[in-house]
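The block underneath contains the structure these notes are about, expressed in structure tokens.
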Amino acid sequence: MKGYLLLDSSQTLLVVALANENKVVFDEVSYPAWQRQSERMVLEIDAILNKNNMDRLDLLGVVASKGPGSYTGVRISMTIAKTIAFALNVPLYLASSLEVLSVYDKPSICLSNARSKRSYMGVYHQGKCLKEDSIEENVDVLTYINEHPDYELCGDLSYLGFQAKEAGIAANLAKCIDDNHLCTEPLGAKPVYLKDNYDDGKFKTIVRKMLPSDLPAVAEIEKATFANPYTLDQLAYELNENPVSGMYVAVVDHEVVGFIDFMITFNSSTIVQIAVKEELRHKGIGNLLLGQMIKDCESKEDIVEFITLEVRESNLPARAFYKKHRFQEVTVKKQYYDDGEDAIYMVRSL
Ligand code: COA
């Protein structure tokens, strides 16, 4: 027997199912597997194929949800689906994780918890999208629900205090075996995380201590920003071995978008490096990173009296940023950089 493999782990449930050539689901497993999807999914795929006397070569295609939803969960089903589709050279179909929650025959407001009092929300009816997937404040979601009393509520809505209709995720995935959901470049397919809209300034930035797992992302920002970027090894040394260094990252929607690296020695501190991803500059992230550094300086037992730094003479945005933060241009260090450019030495007292 030939069939399609259907996968979803974008929410708390793990769904592994098989559909026949007519897109009808003939076997499925579905159970809560929060944070266990990665260990369970491949085992469940093998089990359901064995149970139906099917070999992987009997698969006609793979259908998976692509997000939005749990950051790791979305990546698990998509990575497994992409790998199988690529290895077997069969089509990959990708569906919105919200679309597969719908009750299909009725207009459905499909929701999942995006944390920080926000929801992922999409509205679907019979496979048609009535409202594109987006991140919404929960208060706006409640208003939308009130304005559409005839619409079904779908998803795990306990975080909003609602009970929702049970979704037929596997059946909905099977309905996505069509040209609209066909992924033409399976290896290039990316999960949909639905970043907040950066342009309207409505996004939440978290500043936290840098972790070893952040280093590749930080190295990428270094490389994209500076003429002589620190290598991964140099950054790892700063993070793991330099006893006087302080390193923080700014994170937006699970993505490292900026960092600060500084040193505190007795009564002075120095900014070694600060950078924010280009597309997110001038939105207050530099302020947050510098603010965290100042907080650290102020919490030291030894009184930290001033912060120093060197900045390229030509780097006018950074000079403006530091001036805004009450740094004063004290002197010029001639030919300070490898390429012969002068550095402006700036100091701010605390
Ligand atoms: N032009 C003029 N002023 C600027 C500016 C620019 N391009 N960028 C920032 N500022 C000033 C503004 O006064 C701004 O306040 P405002 O938004 O109320 O006007 C203030 O700095 C804070 O800006 P913020 O949005 O928090 O800064 P940022 O997130 O863009 O980060 C840098 C600032 C310097 C870290 C960022 O521009 C960057 O990554 N630059 C490339 C790397 C770099 O040069 N690092 C410094 C090496 S010494």
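The values are calculated or read from the model by the stated rules, or taken from the named source; none is laboratory data. As the structure is a prediction and not an experimental result, all values here were calculated from the model. In this analysis, Cβ positions are derived from the backbone assuming ideal geometry, glycine residues included, and neighbour counts consider all displayed protein chains. SASA here: full protein model, heavy atoms, side chains in, ligands and nucleic acids out. Shrake-Rupley method; radii C 1.70, N 1.55, O 1.52, S 1.80 Å.
Descriptive notes on the structure:
- Ranking Thr184, Leu309, Ala320 by Cα position along the charge dipole of the chain, where only Lys, Arg, Asp and Glu carry charges on their C-beta atoms, puts Ala320 farthest toward the positive end.
- Surface accessible to a 1.4 Å probe, per residue, for the residues of segment 220-319, Å²: 52
- Screening the chain for whole DSSP H helices with an alpha carbon extent of at least 24 angstrom along the helix axis and a mean Kyte-Doolittle hydropathy of at least -0.5 yields 71-88.
- Each listed q (0.11, 0.18, 0.21 Å⁻¹) maps to a log10 I(q)/I(0) for segment 238-350, found by the Debye formula over equal Cα scatterers with no solvent: -0.36, -0.98, -1.26.
- Size check on segment 1-132: the Cα extents along the three principal axes, sorted descending, read 44, 31, 24 Å.
- Residue-span extension gain [Asn240 to Lys2] - 0.36 nm each, minus C-alpha spacing: 80.4 nm
- Listed peptides 309-317, 177-185 appear in the order 309-317, 177-185 once ranked by packing, highest mean of other Cβ atoms within 10 Å at the front.
- Taking every C-alpha pair closer than 8 Å and separated by at least 6 residues, the mean separation divided by the residue count of the chain gives a relative contact order of 11 percent.
- Measuring between their Cα centroids, segment 22-73 and segment 280-319 lie 48 Å from each other.
- Of the accessible area of segment 1-150, computed with a 1.4 Å probe over protein heavy atoms only, carbon and sulfur atoms account for 49 percent.
- Positive-end extreme of charge dipole, the chain - chosen from Leu211, Met263, Gly291 (charges on Cβ): Gly291
- Each of Gly67, Thr225, His148 was scored by the projection of its Cα onto the charge dipole of the chain, and the greatest displacement toward the positive side belongs to His148; charges sit on the C-beta of Lys, Arg, Asp and Glu.
- Mean Cα-pair separation over length for segment 133-192, i.e. relative contact order, pairs under 8 Å, 6 or more apart, %: 17
- Label point of Lys300 set 7 angstrom out along Cα-Cβ; within segment 234-272, amide nitrogens under 12 Å from it belong to 244-246, 262-271.
- Rounded to two decimals, the Cα radius of gyration of the chain over 2.2 N^0.38 Å is 1.24.
- Sites Lys165 and Trp34 - FRET efficiency at Förster radius 25 Å, r taken between beta-carbons, to 0.05: 0.75
- Taking the DSSP bridge list for the chain and keeping only pairs wholly inside it, about 80 percent are antiparallel.
- Dipole magnitude for segment 138-289: computed about the Cα centre from +1 point charges on Lys and Arg Cβ and -1 point charges on Asp and Glu Cβ, it is near 440 debye.
- Using 0.36 nm per residue and subtracting the Cα-Cα separation, the extra length available between Asn228 and Asn287 on full extension is 18.8 nm.
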